[in-house]
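K.L.:
Questions regarding the structure given below will be posed in turn.
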Amino acid sequence: MVYYGPEKLKKICEIDLPDEEYLIEFLYNYKEKLDVFHKHLILISIYLQNNFTLVVGSNPENKVIYGVTISNPFERTPSLYKIKDYYNEELANFYNTIFESSKIPKVQAGILRFPIQTHFLAVGGDKTLVSKEMFNEEVTGKPWLNFAKKVDNKMYEKIIELSNGHIDFLRSFVTDDGVYFVGLNDGDFRNLYAEFFSFLRNKYKFSPGKFFPISGVKEKVIGMFKIELEDINNAQIFDKINMFIEDFSKFKVFLRDIGGIV
């Protein structure tokens, strides 16, 4: 067995595939319908909205893989074959232990094909299976499982901090597309603030990123930018973010001084 990721998530090494006989049988029931059968696996995901996902699964050879991912794999890769109303209380409790949560997580199970297209913050399991899929990713240039090799305790703590976090007037969100920083302002002259936000984004050469939906605060959004996941530990990037915030604060003071704009 192998493990890659922060020490703080190493507890996931204790996971065993529950209901193994039933789940493997479900996988084999669709053997004739699955192209390249050995590339498929039965996977369980345990998750809460706006939090990371715990996964555990097995390939047709009963080789187990487990991990913690940024997104629910079933949301990133459609699955034609899911187990209706699957639930495992032991895994749900384990999830709450890992993430110190008291909420009841959702549990989902079904068949997916490698690669599992979400970034792993931690990954472990059968050495042959994990190493093979990591090698395949290196050949294709994809970062999914291999991302866990970059995540130490320091980086994991930073990811936790940025996940649904705040830096001054910026809200931060960790996604598979990168870390989004969304500017919020619920005062007047939003158009003026939005224009200056865009100016600063260009000044500091931040990527605008894709559209990122934010429930409940859409009317307050004045702009957004993103950084790559690989830059989470880059101190220079966060120095630029702090300068961005400082410049924006000065702009607000300037407007207030010349026209009473808050």
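K.L.:
Given the residues Glu195, Glu138, which is the only one that is outside the structural domain of Leu17 (by the TED database), exposed (fewer than 14 other Cβ atoms within 10 Å of the Cβ), of a type outside the set (S, T, N, Q) and farther than 18 Å from Ile237 by Cβ?
P.N.:
Glu195
K.L.:
Which residues, taken from the range 1-50, are open to solvent by 80 Å² or more (accessible area, probe 1.4 Å) and assigned to a strand (DSSP E or B)?
P.N.:
The answer is none; no residue qualifies.
K.L.:
Of the numbered conditions (1) small (Gly, Ala, Ser); (2) in contact with a Pro (Cβ under 8 Å, 6 or more places away or on another chain); (3) more than 29 Å from Glu20 (Cα to Cα), Ala92 fails exactly one; give the number of that condition.
P.N.:
(3)
K.L.:
Read through the list (1) among the β-branched types (Val, Ile, Thr); (2) within 30 Å of Ile232 (Cα to Cα); (3) open to solvent by less than 70 Å² (accessible area, probe 1.4 Å), then give the number of the only condition that Ile111 fails.
P.N.:
Evaluating Ile111 over (1) among the β-branched types (Val, Ile, Thr); (2) within 30 Å of Ile232 (Cα to Cα); (3) open to solvent by less than 70 Å² (accessible area, probe 1.4 Å) leaves (2) as the failure.
K.L.:
With (1) surrounded by fewer than 19 Cβ atoms within 10 Å (Cβ to Cβ); (2) in contact (Cβ under 8 Å) with a residue 12 or more places away in the chain; (3) at negative phi; (4) not hydrophobic (A, V, I, L, M, F, W, C) as the list, and Asp168 as the residue in question, which single condition is left unmet?
P.N.:
Of the numbered conditions (1) surrounded by fewer than 19 Cβ atoms within 10 Å (Cβ to Cβ); (2) in contact (Cβ under 8 Å) with a residue 12 or more places away in the chain; (3) at negative phi; (4) not hydrophobic (A, V, I, L, M, F, W, C), the odd one out for Asp168 is (3).
K.L.:
Looking at (1) open to solvent by 30 Å² or more (accessible area, probe 1.4 Å); (2) under 14 Å from Gly178 (Cα atoms); (3) at pLDDT 90 or above, find the lone condition where Ile227 falls short.
P.N.:
Condition (1) is where Ile227 drops out.
K.L.:
Here's a check for you: in the range 198-224, which residue that is among the aromatic types (Phe, Trp, Tyr) and open to solvent by less than 30 Å² (accessible area, probe 1.4 Å) is farthest from Gly178 (Cα to Cα)?
P.N.:
Among those residues, the one meeting the criterion is Tyr204.
K.L.:
Can Lys31 be described as basic (Lys, Arg), over 30 Å from Ser163 (Cβ atoms) and in contact (Cβ under 8 Å) with a residue 60 or more places away in the chain?
P.N.:
The answer is no for Lys31.
K.L.:
Please list, ordered by first then second residue, the pairs with beta carbon atoms under 9 Å, 6 or more apart or interchain, first in the range 1-15 and of a type in the set (Val, Ile, Thr), second assigned to a helix (DSSP H, G or I).
P.N.:
Listed by first residue and then by second, the contacts come to Val2/Lys127; Val2/Val130; Val2/Ser131; Ile12/Phe94; Ile12/Ile98; Ile15/Leu91; Ile15/Phe94.
K.L.:
Could you figure out which of (1) exposed (fewer than 15 other Cβ atoms within 10 Å of the Cβ); (2) under 20 Å from the mean Cα position of the chain (by Cα); (3) part of a loop (DSSP other than H, G, I, E, B) isn't true of Glu161?
P.N.:
(3)
K.L.:
Looking only at the range 114-135, filter to residues that are within 16 Å of the chain's Cα centre (by Cα) and free of Cβ contacts under 8 Å to residues at least 60 places away in the same chain; which one of those is surrounded by the most Cβ atoms within 10 Å (Cβ to Cβ)?
P.N.:
Filtering first and then ranking leaves Pro115.
The values are calculated or read from the model by the stated rules, or taken from the named source; none is laboratory data. Note that this is a predicted model, so its numbers are computed, not measured. Reconstructed Cβ throughout: ideal geometry from the backbone, glycine too, with neighbour counts over all protein chains shown. Keep in mind that these areas ignore ligands, DNA and RNA; they rest on the heavy atoms of the full protein, side chains included. Shrake-Rupley method; radii C 1.70, N 1.55, O 1.52, S 1.80 Å.
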